[in-house]
Amino acid sequence: MRECKAQGCNVILITKEKMLTEDWPRDVIEEIFALPNDAPVELFLDLVSHIAKTRKPDRIVALEEFDVVVAALAREHLCMPGLSSSSAKNFRDKLSMSVRARNAGISVPDFVPAINHEEISAYMDRIPPPWVLKPRSDVSAIGIRKLESAEEAWSAIEELNKRESLRERASYHLLSRFVPGEVFHVDSLVDQSKVAFAGVNKYGRPPLQVAHGGGAYISQTIAHNSPEKKQLLEINRRLIKAMGLDYGATHAEFIKSEADGEFYFLEIAARVGGAYIADVLEAASGINLWREWARLEVEADSATRAKLKPRKEHAGIILSLARQEYPDTAGYDDPEIAYRVKKKHHAGLIVRSPKLERVSELLDDYGRRFVDDFIAVLPPLERAE
């Protein structure tokens, strides 16, 4: 928002009532509208139309995952440029994105939509357990279940089909082969359908393990000239081409199988990654994803743009729920600390160094210390709040 303002834009924020008191950069926002927390899509479209009566918007940008399709529908309602609702769904629906990735020749864990019982039965006969049953449109590890047998899978599907909310029933879920391994994420800026910048990080533990078992979330850059980074950048390039994104930011996740060493596609989103990923990449590269995304939006029609020149350093983050309301990290005083997370009931540190080994050493040390100093564990969310 600050970059949009710096580029001469008038910034208008539409949010929900529960988010109204968040730390928005109010000094650069012209006006804020807050809709009810349960507002339907039609109310968003009506509000955008109301704003457009006197101030015709040039861009509508979704800042987080659950607004990607809503923003696309608002653009279509006003016949504005940008990601369409059908294309936006490819970045929200795990079934749709998995089909597109597979059709592009990218390895994807074997999957089947939890709809047709004959297909599901044939899938379970063909692909041995364990499997994961996951919502097609939720984020992170929310609502994901690991299943060890056909009986457990059918029971889970039956339970979903009894739910009162139609959008929580089985047809809105995907059954996929569970692939043990290390999880990586590639965060990109896309300009004119090409990757203008991408950073590759590896999670300390897969997000599913953190969500269900608790503990600290850790992510860090990987070696710049490693074969893994070269492979992931190429897979990510092919994936974004298959997804048909003209410009914007993406966050894609891949798992490196313990069994065969191959990278498998997990998911992709048309947004900046959460959990301070943008701050980690800025610490390592000097490139701020939010700022550059704003420039892409403002200059979307520009034929030429200055090439980004990232520095090649390393960074990483440790982040956890904290027992304390405002945890004190003053006891962590290494000079490599580049940022301290300031969020209620969260402890987090971002470290930066020219040496990957130093980043790994610090994160390993902090991971042990956080257990005694901060970490709190809550049951995993079954649905997004």
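The values are calculated or read from the model by the stated rules, or taken from the named source; none is laboratory data. The model shown is predicted, which means the values in this text are computed figures rather than measured ones. Cβ coordinates were reconstructed from backbone atoms using ideal geometry, including for glycine residues, and neighbour counts include every protein chain displayed. The accessibility values were calculated without ligands, DNA or RNA, using every heavy atom of the protein model including side chains. Shrake-Rupley method; radii C 1.70, N 1.55, O 1.52, S 1.80 Å.
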Any chance you could count how many residues in the stretch 1-45 are β-branched (Val, Ile, Thr), open to solvent by 60 Å² or more (accessible area, probe 1.4 Å) and under 20 Å from Arg295 (Cα atoms)?
0
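Residue-by-condition table, conditions (1) hydrophobic (A, V, I, L, M, F, W, C); (2) in a strand (DSSP E or B); (3) in contact with a helix residue (DSSP H, G or I) (Cβ under 6 Å, 6 or more places away or on another chain); (4) open to solvent by less than 10 Å² (accessible area, probe 1.4 Å):
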residue	(1), (2), (3), (4)
Ser155	no, no, no, no
Leu160	yes, no, yes, yes
Arg163	no, no, no, no
Arg167	no, no, no, no
Ser171	no, no, no, no
Leu175	yes, yes, no, yes
Glu182	no, yes, no, no
Val186	yes, yes, yes, yes
Given the structure, is Ala283 over 19 Å from Lys202 (Cα atoms), crowded, with 21+ Cβ neighbours inside 10 Å and at pLDDT 95 or above?
no
What's the number of the only condition in (1) exposed (fewer than 13 other Cβ atoms within 10 Å of the Cβ); (2) hydrophobic (A, V, I, L, M, F, W, C); (3) modelled with pLDDT of 95 or more that Ala306 fails to meet?
(3)
Scan of the stretch 215-254 for residues that are over 15 Å from the mean Cα position of the chain (by Cα), part of a strand (DSSP E or B) and surrounded by 23 or more Cβ atoms within 10 Å (Cβ to Cβ), ordered by number
Thr221
Failed condition for Leu356, given (1) open to solvent by 30 Å² or more (accessible area, probe 1.4 Å); (2) among the aliphatic types (A, V, I, L, M); (3) without any contact (Cβ under 8 Å) to a residue 60 or more places away in the chain, with all others met?
(3)
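Looking only at the stretch 197-214, how many residues end up being open to solvent by 40 Å² or more (accessible area, probe 1.4 Å), at pLDDT below 95 and not in a helix (DSSP H, G or I)? Lay out the reasoning, then the answer.
Taking the stretch 197-214 first, the residues open to solvent by 40 Å² or more (accessible area, probe 1.4 Å) are 202, 204-205, 208-209, 212-213.
Then drop every residue that is not at pLDDT below 95, which leaves 204-205, 208-209, 212-213.
Subsequent filtering for residues that are not in a helix (DSSP H, G or I) retains 204-205.
Within the stretch 197-214, residues that are open to solvent by 40 Å² or more (accessible area, probe 1.4 Å), at pLDDT below 95 and not in a helix (DSSP H, G or I) number 2.
Could you tell me which residue of the stretch 322-333 is farthest from Gly367 (Cα to Cα), considering only residues that are open to solvent by less than 40 Å² (accessible area, probe 1.4 Å) and assigned to a loop (DSSP other than H, G, I, E, B)? Explain how you work it out, then say what you get.
Kept after step one, since they are open to solvent by less than 40 Å² (accessible area, probe 1.4 Å), are these residues of the stretch 322-333: 322, 327, 329, 332.
Still in the running and assigned to a loop (DSSP other than H, G, I, E, B): 327, 329, 332.
On the way: Pro327: 15, Thr329: 13, Tyr332: 12 Å.
So, considering only residues that are open to solvent by less than 40 Å² (accessible area, probe 1.4 Å) and assigned to a loop (DSSP other than H, G, I, E, B), the one farthest from Gly367 (Cα to Cα) is Pro327.
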Given the residues Ala74, Ala62, which is the only one that is surrounded by 16 or more Cβ atoms within 10 Å (Cβ to Cβ) and either in contact with a Gly (Cβ under 9 Å, 6 or more places away or on another chain) or assigned to a loop (DSSP other than H, G, I, E, B) (or both)?
Ala62
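Out of Ser107, Ser137, Ser121, I need the residue that is modelled with pLDDT under 95 and small (Gly, Ala, Ser). Which one?
Working: Ser107 fails: modelled with pLDDT under 95; Ser121 fails: modelled with pLDDT under 95.
Only one candidate passes the filter, namely Ser137.
Quick one: in the stretch 97-123, of everything that is part of a helix (DSSP H, G or I) and crowded, with 18+ Cβ neighbours inside 10 Å, which residue is nearest to the chain's Cα centre (by Cα)? Show your work before the answer.
Residues of the stretch 97-123 part of a helix (DSSP H, G or I): 97-103, 117-123.
Of the ones still in play, those that are also crowded, with 18+ Cβ neighbours inside 10 Å are 97-98, 100-101, 120, 123.
Values: Met97: 14, Ser98: 16, Arg100: 18, Ala101: 17, Ile120: 28, Tyr123: 28 Å.
Per the criteria, the residue is Met97.
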